[in-house]
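Enquirer: Take this structure, written in structure tokens, and hold onto it; I'll ask about it next.
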Amino acid sequence: MRAWAAAAIVACTACAPEIWLAPDLRQANLRVAHQTPSAAIALTASDLDQPYDVLADLAVTVRQRGTFGDLPTRGNAEAALREQAGRLGAHAVILVSFGRPGSSWWSYNELRAHGRAIRLR
């Protein structure tokens, strides 16, 4: 009975994708006192014509947790980019790009995304 309960706990905790965030804060040139809600942050694959300040280059990795975990999706990566940009007080993430889903030494499946967090002037 104990082995069954332990297996059930491991199976339940291994379902959600694991997200790794790696912001590059060396390029931050504007500090803000408040955070931006993630839902208010726009994502775009292109550059903007408006003047803006670069806050940071963002890199996130969404990984499958365990053999039976959910596969990482583009939506998971977009949500992770928005969350990290919101912590910096960004208005948008530009130059967003996604890698190919693949495997690594640490995960069966993973998806990487990159973008630049900006704040409009």
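Every read-out reported here was derived from the displayed coordinates using simple, explicitly stated rules and does not represent laboratory data. As the structure is a prediction and not an experimental result, all values here were calculated from the model. All Cβ positions, glycine included, derive from the backbone under ideal geometry; neighbour counts span all protein chains shown.
Enquirer: Enter the per residue convex hull volume of the stretch 35-87, computed from alpha-carbon coordinates, in Å³ rounded to the nearest integer.
Expert: So the per-residue hull volume is 98 Å³.
Enquirer: What does the net charge come to around G86 if you take all other residues with beta carbon closer than 13 Å to its beta carbon, with K and R at +1 and D and E at -1?
Expert: Taking every Cβ under 13 Å from that of G86, the sum is +1.
Enquirer: Can you order the peptides 78-87, 44-53 by their average number of other Cβ atoms within 10 Å per residue, highest first?
Expert: Taking the mean over residues of other Cβ atoms within 10 Å, the ranking is 78-87, 44-53.
Enquirer: What length, rounded to one decimal in nm, is gained on full extension from A42 through to T73, with 0.36 nm per residue of separation minus their alpha-carbon distance?
Expert: 9.3 nm
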